[in-house]
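Report on one structure; see the data block that follows.
Bear in mind that the values in this text are calculations on the coordinates, not laboratory data. On a predicted model such as this, the values are computed, not experimentally measured, just so you know. Glycine also receives a Cβ, built like all others from the backbone with ideal geometry; neighbour counts cover every protein chain displayed.
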Amino acid sequence: MQDDLYQRAAEEHRLALERVSRAYEADPDKRRDLLQEIHLQVWRSFANFDSRCSVRTWVYRVAHNAAASYVIREKRSALVSIEDLEARPGEDRLESEGSRQHALERLAELIRQLKPLDRQVIVAYLEGLDAAAISEMTGLSPANVAMKVHRIKNVLARQFHQGGIDAEQQ
């Protein structure tokens, strides 16, 4: 049963798991390692799956927990709180507003800088999970999830488009 659940989940959520790994790791080689770790943890987790939540929610919870553990273990980059990101000046602005790939890479880099809980919330939101499902994953209340999503989106948008808070105040 564990193998069957995993096979179906891995097929159904393959692209989502790849996006989760991309949200947590920029380096392609390390991202492949992280994706393998996520798949291993998802497979292992189905031994304890009790159907109290959807398979989708379960897979996202396990994937984000595995990715957050990876980031903490690696300690390669400084993680920032949403407050610190909000107060920090923007880094490189987009040179070409028409460059979709560049824009996606810039957004992914901003997301990778967030602390694991904020990253988990925004990535789950971007994957189309509602506040109730994200609440199940994170243990936050649905109202707190909605507030975090709103706040993170505003900060990311400001960082992305305006080059940071300092540029706004000039």
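Exposure proxy for 121, 155: other Cβ atoms within 10 Å of each Cβ, ordered fewest to most, give 155, 121.
Given the C-alpha centroids of region 1-77 and region 98-130, what is the distance between them in whole angstrom? Centre-to-centre distance over Cα atoms comes out at 16 Å.
Fewest neighbouring Cβ atoms within 10 Å first, the residues 122, 152, 72, 134 line up as 72, 152, 122, 134.
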